Amino acid sequence: MTEASIEAGYNFGYLDENTKRMIRRALLKAVAVPGYQVPFGSREMPLPYGWGTGGIQVTASIIGADDTLKVIDQGADDTTNAVSIRRFFNRVTGVATTEHTAAATIIQTRHRVPEAKLREGQVLVYQVPMPEPLFRLEPRVAETKRMHALADYGLMHVKLYEDIARHGAATTSYNYPVLVNQRYLMSPSPIPAFDNPKLDRMPALQLFGAGREKRIYAVPPWTEVKSLDFEDHPFQPARADAACVICGARDSYLDELIVDDSGKRHFVCSDTDYCASRPPVQDAAA
Amino acid sequence: MYVAVKGGERAIGNAHAWLDEARRGDPALAELDVAQVEQQLGLAVDRVMAEGSCYDRGLAALAVKQARGDLIEAAFLLRAYRTTLARFGASEPVETGAMRIQRRISATYKDLPGGQVLGPTFDYTHRLLDFALAAEREAVAPAPEGVADPAPMPRVTELLAREGLMRRESRSDAEPPDLTRDPLNFPVPRAAWLQALARGDEGFLLGLGYSTQRGYGNSHPFAGEIRMGEVTVEFTPPELGFAIELGEIVLTECQMVNQFAGSKSEPPQFTRGYGLVFGHGERKAMAMALVDRGLRAEELGEPVDAPAQSQEFVLYHCDNVEATGFVEHLKLPHYVDFQSELEKLRSLRQEAGQ
Amino acid sequence: MIGPGFADPVADSQRCFRAVLEAMSRPGRIHRVPALAEVPAPLHGATAAVLLTLADGDTPVWLDCPAAQDWLRFHCGCPLVAQTAAAFVVATAGMPALAALAQGSEEEPHLAATLLLQVESLQAGQGWRLTGPGIEHAHRLAVAGLPGDFLAQWAANRARFPRGVDIVLCAGDSLACLPRTVRIEEAG
């Protein structure tokens, strides 16, 4: 059954069973210690580092024949890398794929959280380039490990404070650091800060894979995920103050398009499935 | 216009077809044979085996052909293939002292037991383009052959060690770590960094090794010995309990001899930096030996202030498959993040203007 | 004579893993795992399935039942080690003291042991009140066959966070998980 449409010569999901077991053990510990980065023996994949090897290894270790997979990059199902990863899993697992957020059991994503609210039973797998939220402030991994052990996140608070003192607001607009379950500082991956609130008490399980950096971490369902801020300067996510020219949405995250030589701009939903699920606006912006 | 920014299955398919066509080049010319690559671009094959960390000349030659001569891409192809191979066990340590020598030189002794063997080297060629190679020509005349000297070739560092001038390495029979299975956990033992360096990028190690000669890390290296040739690989199956010979591989080994001022517990003596790579890779082996010595600074109680002395700096950045992935991933779409930066910048400028 | 493992090792271990992952993500929820044709006594089906799914040559195991050792070594190739050094601790005849198992360190809490603890029964919807990550409001779980001081041991385990043991409770072909984050209150 499961072998029906699988690339000859490769195991279901590409990874061998030993590797899957190693990743599965890491995933369970990641769930047990929310937000903590579990080191794992990341393998060299047939896609390059930076293209989502961490997310791919996580997906390959959890996926089964009854799953329905959705892959997005920048919110869209039809970006080249999303197409390529979806095709990879189709070749090595033969599982059903979908572009509909609601129909998917596993959603692998790069840089976005879908607009539609996720539910119990779904798993969101993030591709993560730099799992360490402190790396710009302290590049030595041995040092950041110690800071996590002590929950010593003073550096990050000082950075935020300096931003606010100088610019009146935090200058981080994506990959905005969060505190998970009031304990671990975590990189939400380079999603726009606009998406951060969706991580908080999400009914779906969130798994994060960083292949090149060889780390896996997780946020269990319904877990508190708080974007760092100060009482007098609460976290304020932003989006372009515009409507999608296709569906008219004013609540979704937008891509900005430059449509002529004079720099005229249009905005469209970054989440293509969300956009397609809404009635189009009447030709207004055509 | 919306569709124009999105790629798709068809675009990818077309790009791959174009890539195939570009790889083949002018179809009026004979197609390059993998065996020709293996035989005539042997040093490219060696480098791909070393950085792909898989010793198979045929597969490495195929990777060079498939990658259109891009050696980092070829190493990546070989690594991705390597991932899928089952592991049967670990070989016995190879004995480079018993190497069947093709090349062996020492810069520290004019003559020594076993002598100097130049071997197939560019060292004393005049770098003049040989236009005769551009023309078809008769077969190359065979190089003159001598009789191999049966005398053993002891390692130079052994000769120094016998005199007590070379710091003894502590012997360990512990299973060495394998960074392809377990991620690096700093500080790492020397065996782990030697593995990382052996797989590391030749260009990166060359630059770092060079920096140690120019004052970034205080080293005073001499090329104690460089040797290249075949060594026997043996494996002990647990059910047999004795070693059986699997075959021979070509290795290049470099032992650098460095000064050491001594410490409270040790007298002044020489120390070594060690380099070992698959195939004929002399530049890489030498650079590796310089960087290895740099990384030993902490162990030897020397100040750690240069890039080549920092474990995290060297080991996190020497792998070219990792490095090329992360550098090149910048060409993947980032418009979601860029959009958030645009909005942030606009709002910060607006506030500043008020 | 050593009994067989999973009928379809790739698919069955994937299904079993997803059950454990779901159970660990939603503490106290009961999940069924793929049934084995034969289970080596005194292991329960869930215990055996979890071992087949997660244990191998890289995972040191301690177990309290010599009868299952050959089966485990044959199918998983695990090194058998002292209790304090085990990544998986298998308890079929009473719970070892939680504090005696590997706890991980503050820097590396993932090195803590996972305890596969066989119990008499698991019942949802009654008993303990569980709260914490993975739980929207509260989950209820009744467990028969635990030592009398379990809740005191658990409170101490939870206080060690981020260190601490994670438990997989196994009964027949069912399991439920108690990750170190979960708060357990007596039925009330």
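Structure notes:
- Centre-to-centre, using Cα atoms only, the stretch A:120-195 and the stretch C:49-73 are separated by 39 Å.
- Less than 5 angstrom separates the built amide H of residue A:123 from those of A:106, A:107, all sequence-distant by 5 or more or on a different chain.
- Structure-based [θ]222 nm, chain B - -39500 (n - 2.57) summed over DSSP H runs of at least 4, per residue, nearest 500: -11500 deg cm²/dmol
- Per residue, the average separation of C-alpha pairs within less than 8 Å and at least 6 apart gives chain A a relative contact order of 21 percent.
- By other beta-carbon atoms within 10 Å, ranking C:174, B:91, B:265, A:42 with the fewest at the front produces B:265, B:91, C:174, A:42.
- Peptide C:21-30 shows a mean partner chain C-beta count of 5 within 10 Å per residue C-beta.
- When both bridge partners sit in chain C, DSSP labels roughly 60% of those beta bridges antiparallel.
- Rounded to the nearest Hz, the phi-derived 3J(HN,Hα) couplings of the stretch C:71-79 under the Karplus curve 6.51 cos²θ - 1.76 cosθ + 1.60 (θ = phi - 60°) are 4, 5, 5, 5, 7, 10, x, 6, x, where x marks glycine and proline.
- In order along the stretch C:94-99, phi translates into HN-Hα couplings of x, 8, x, 4, 4, 5 Hz, rounded to whole numbers, per the Karplus curve 6.51 cos²θ - 1.76 cosθ + 1.60 with θ = phi - 60° and x for Gly and Pro.
- Annotation: the residues C:1, B:49, sorted from fewest to most other C-beta atoms within 10 Å of their own C-beta, follow the order C:1, B:49.
- Residues with amide H under 5 Å from that of residue C:103, placed H, sequence gap 5 or more: C:113
- Nearest-ten-degree value, helix B:57-66 long axis tilted from longest Cα axis of chain B: 30
- Under 5 Å from the amide H of residue B:269 lie the amide H atoms of B:260, B:262, each residue being 5 or more positions distant or on a separate chain, with H modelled from the backbone and absent for Pro and chain starts.
- Lysines with Cα under 23 Å of residue A:117, excluding same-chain neighbours fewer than 8 positions away: A:70, A:198, A:226
- The C-alpha atoms of chain B define a longest principal axis, and helix B:42-52 lies at about 70 degrees to it.
- Between the alpha-carbon centres of the stretch B:91-134 and the stretch B:199-246 there is a gap of 15 Å.
- When you restrict to C-alpha pairs under 8 Å that are six or more residues apart and normalise by the size of chain C, the relative contact order lands at 25 percent.
- Couplings 3J(HN,Hα) for the stretch B:293-304, derived from phi with the Karplus relation 6.51 cos²θ - 1.76 cosθ + 1.60 (θ = phi - 60°), are 5, x, 5, 7, 3, 5, 4, 8, x, 8, x, 10 Hz, where x marks Gly and Pro.
- For chain B, the relative contact order is 17 percent, taking Cα pairs closer than 8 Å that sit 6 or more residues apart in sequence and dividing their mean separation by the residue count.
- Of all DSSP bridge pairs formed entirely within the stretch C:97-188, close to 75 percent run antiparallel.
- Burial ordering of B:59, C:54, fewest other beta-carbon atoms within 10 Å first: B:59, C:54
- Counted over the protein assembly as shown, the DSSP beta bridges are approximately 70% antiparallel.
Just so you know, all these numbers are worked out from the coordinates, no wet-lab data involved. Given the structure is predicted, the values throughout are model-derived calculations rather than measurements. In this analysis, Cβ positions are derived from the backbone assuming ideal geometry, glycine residues included, and neighbour counts consider all displayed protein chains.
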